Structures are given as C-alpha cells and as structure tokens.
Amino acid sequence: MELANTIPRAEGFREACFVKVSPPIGMLPSFDVREKAENALDEILKAATDWQPSTGEAVKGAAYPADTFEFSGTVEEINRHFVEKKWSLGLPVLPPTPERIHEMLKGTVQKSEEVLGQVPPRMGTLTVELAAVYAAMAGCHPEYMPVLIAALEGFLAPEVNWRLALSGTGTSQLIVIVSGPVVKEIGIGCEQGAAGKGHHANGSIGYAINLIAYVVGGSRPPMFDRSTLASPSDYVCWVFGENDRALPEGWKPLHVERGFKHSDSLITVMASYPPAENMDHWSTSAEEHLRWWGHIVNPLQNMGGPCVPQVMEQNPIIALGPEHAHLIGSTKWSKDDFRKAFWEQTRIPLSAWPSACGRERLTEMLGPVTDDSLVPITREPEQFLIVIAGGDGKQSHYFAPLPGSFPVSKLIRR
Amino acid sequence: MEKSEKQAKWKLVNPEALVQVEAGQVNPHPKDLSGKTVVLYWNGKPNGDLFLNRIGELLIEKVDNVKVIKAWEVCPSTKRTDPTTEASRTTAKELAGLNPDLIIGAPGD
C-alpha cells in the first residue's frame, strides 16, 4: 500500500483508496480468481461509497543548498545514525563533511545547484550537490564525478524505466557501461574482472549510484522495493568499461556505434535482469558458439513473446568476453552478422509459453502464429547492443532488459 | 565499538532529498453507485481481467442501473503496465476520457 501510495503522493494527493486482496492473483485458475473477487466485493463497494479523499498539501522548499547539521560521536555512530534515518543502505559510508563535498564538486564542470531530476518512486530532487554528497559517502574520487553525473542523467531518462527497476518484484540490476578515453584516464576497470572487486572507480561509482537510487528514490524493502529475493547488486550496481583493445577487426566501439566521436567519452545505462553467463570452452567456430547461446538465452528471460510482446522492441545487452569475441571475429563476422546469427539461434517455439499468456498481442505484432512458430527475443536482429568487456577466460554475459527499459547513452562532460 | 575510535564533533551535510509536491484535488467518491458509470481498469497483468470481469458482473447484479465499462475493451491502450510517471498520466487522461463516476483498478500481481 505504501508503494502504491507513492505515485498519488508525488502527484499531490495524500492517498488513494485501496482494497487489499491477498496475493497471488496471477498463476491461479479462473475459479479461484473469481472467488477472490466475490470475497472482496463488499469491501470494494464500501470503499467506493464511504471513502472520501483528502486534499494533499503542497510541499515546497529549496533543494539547494543542502542543510548541514552538527553531530557528536564516532564514525561508527555516524553510520548508525545514517541507518536509523534511512540515509544509507546499511553498509559503511564516509561522513559527508562540507569539506569532502567541496572537494568532490571540484571534479565536475556542472553547477552545484543544477537539478538533475527527480528520483523515483519517491521523486526526491537530485541536485549536482546532492550527487556529490553521495559520491563522498561512497568514497568516490572527485575525478569520478563526470561519470557519476552522466550515469545519473541516463537513469533519470524516462526510457530507462528507473521506477520499475527500483520498485518491482524482479531482481533488477542497474547497468553502467563506460566507453571512450575516460576509461583509461580515470582507471575504470574494463579488462580482467572489470565489473567486480578491486576496481575502485567502478565500485565506488556503483555504490554512489545505488545510494542515490535507493535513498533519494526512497525505495527499500518491504515498503517500496518489492523485490522477491533481490541481490547484492542492490548495494553496488554494475559499472564496467568497454575493452576496446579486444574489439575484433572492423568492429566499432560502442560509443562510435551509438553516434559519438572516437574522442568522446560516453556512458550507456539500462536496467536489466541478472545476466545469463555463457561459459563455452569448447566451440572452435562461431557457428558452434552460437548454438551454445541458443540453448541458454531465450525470450522467456524477460517475459517476452506472447507474455509482454512490447519487450520485443527493446535492446538486450550482450557483453562478449574477449576470447569469445576473438572466435567470432576470426570467422570474419561483422557485429551485424553476429547479431543476425544470435537472433536466429535464440528463437524458441511458441509452444514453450503457458496458454494463459494469450496470443492476440503477438499476432498483432508478427501476424498469424502457430505452436511451431519460432518467436525471437527482439523484433529485429539490429536491436541487440554488443559490447566487449572483461579479460582472459571463456565467459560472456547476456543482460535481458527489464520491461520498458531501453539503453540510454549520455556524453560525459568534463 | 573500538575503544580507540575517537569521539568528535562533526559538521555534516544532510543527504535527505527534498520531495516537492503540488497540492492536488481529487473528486469525491459517489455516495451511491446507482445509475453511475464505473470504469474497470486492467493494466494487463495476468488474471487482473478475470478479477475485474467478476467484479463487473457482481456490480451489475447488485447495483441498480449501474453502467460498467471495461477500459481495456473500449480503450486497449490502457492495458499496459506504465513504465514511467508520464505514461501513468497518459493512462489517467485516457480513463478520464471515459467519463467515469468511479474507477476500479486491479494493479497488482
């Protein structure tokens, strides 16, 4: 209920009227669903005619400058205070002193008072200054600020569907891919273990993003974040650089492919489900390797096909490890050749889906279908976003987008 | 706590983000549904339509002259899980366009 009420509250209404029907509703036979409706009817009728709305009150104020306060205690006590105030995720943070914030703001050319946007679902106002506060808490260095701010601008774009990522039941992952010269210049990990431990820039930027997402956005379990299980990615999101040294011959780096100059630095963000890992150690040709993909990736991974056909319009991310990329490149395949083969290999027959998904919306998109019709992940092969990332090892990753989440790229301003 | 960790006086920046809210006005609910128009709103999640279909049948059985409109049938674009606040506002406008006295929705799983 609390989550459901965040939307009317953000629109200026104190509350909406809800009747709670105990879950589940989905995955039940129709008789059970009808019975639940019959049991809820009296309460629905009462709510329809007895409940009256109260007018919401306007809340105004200045988002900049942020307030300061005095605190006496140890660093541990500061951390305990921040947990109690719901200003952290429970892991340690550095105390956000005005001096640390001042230093952090030296890393960006953007003005401290600039409003970057409102973070859902609570719609907390995020200024550049507040981003610096969380960057300081996460232990970022000032030179990371341009990457952090560009990533936040990306997540705030409506196309990313940050609201669903921060409040849905799925195990959402926030993905940040950094490409261009900035990767080397500030030490973004892009080779061995790029997205994991030991890469200070990746880890601290990822921690700052999630502090902002879940504290400024106000989403935490069980009231707002409705993740069924969630994952440690709730603490630190995915941040990795493109390994452009491992690009097969003729393949363009991500930022160039997305319309930017070689000399530009770019972030690309999206919300996804946890990745599927391809650990093919055996294939000796691109064709064999693609068959492996065909058995571990399919449209069911993000409710595609007839369930939510709109996800066929989205852009899954394939992060190819350098060794797999080399195998594909040695066949002289272009990126588009790989996309087409991937698209064909990952189709599965319509008979794989439960009948309850219905077929009418898929028919609207693809025309008449039968049980044997092969359903692809995306409408067109060109929709797959490909990046080379990581180091030695025969591992690649596939990130299925959350419904309604599209990759958004932003120039890193320095 | 570590004995060696020192107590200190700190000046800290408050990380609480401002939530700016405009004052909204909600229409009152009708005191009686007789003769009123009730719009049923389904966002496309599994079985929500079955639930609302039964609610619609029961309303017609129990309430005099109630008019029940299934939004997903007359305005199929409302049958979606809105990814953004902007999309939610669009859905709200589409539902308002059906001139309801009351909207009953089933948004969950």
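Annotations for the structure displayed:
- From phi via Karplus (6.51, -1.76, 1.60), per-residue ³J(HN,Hα) for the stretch A:399-412 in Hz, x at Gly/Pro: 10, 7, x, 4, x, x, 9, 10, x, 10, 10, 9, 5, 8
- GNM result for chain B, Cα springs below 10 Å: residue of B:36, B:62, B:11 fluctuating most strongly: B:11
- Amide H contacts of residue B:8: A:73, A:74, each under 5 Å away and 5 or more positions distant or on a separate chain (H built 1.01 Å from N in the peptide plane; Pro and chain starts excluded).
- Other-chain or far-sequence residues with amide H under 5 Å of residue A:127's (modelled H): A:116
- Seen against the Cα atoms of chain B and their longest principal axis, helix B:85-96 is set at about 20 degrees.
- Looking at the protein assembly as shown, the DSSP beta bridges with both ends there are about 65 percent antiparallel.
- Among A:24, A:368, A:381: highest mean-square fluctuation, GNM of chain A, C-alpha pairs under 10 Å: A:24
- Residue-averaged beta-carbon neighbours from other chains (10 angstrom radius) around A:204-217: 1
- Number of partner chain Cβ atoms within 10 Å, mean per residue of B:43-55: 6
- Taking amide H as placed 1.01 Å from N in the peptide plane, the amide H of residue A:68 sits under 5 Å from that of B:14, each at least 5 places away or on another chain.
- In chain B, the longest principal axis of the Cα atoms and the axis of helix B:48-62 are about 50 degrees apart.
- Here the 3J(HN,Hα) profile of the stretch A:238-249, calculated from phi with Karplus coefficients 6.51, -1.76 and 1.60 at θ = phi - 60°, is 5, 9, 8, x, 7, 8, 6, 5, 9, 5, x, 4 Hz, Gly and Pro shown as x.
- The protein assembly as shown - mean residue ellipticity at 222 nm from DSSP helices (-39,500 (n - 2.57) per run, n ≥ 4, rounded to 500): -9000 deg cm²/dmol
- Anisotropy class of the protein assembly as shown from Cα gyration tensor, a/c 1.5 cut: oblate
- Residue mean of other protein chain beta carbons inside 10 Å, A:287-294: 0
- Max mean-square fluctuation residue, GNM over chain A, Cα-Cα springs under 10 Å, options A:180, A:294, A:73: A:73
- Separation between Cα centres of the stretch B:43-109 and the stretch A:311-385, rounded to whole Å: 33
Every number here is computed from the coordinates shown, using simple stated rules; none is lab data. This one's a predicted model, so the numbers in the text were calculated from it and none came from an experiment. Here the Cβ is made from the backbone with ideal geometry for all residues, glycine too, and neighbour counts use every protein chain on show.
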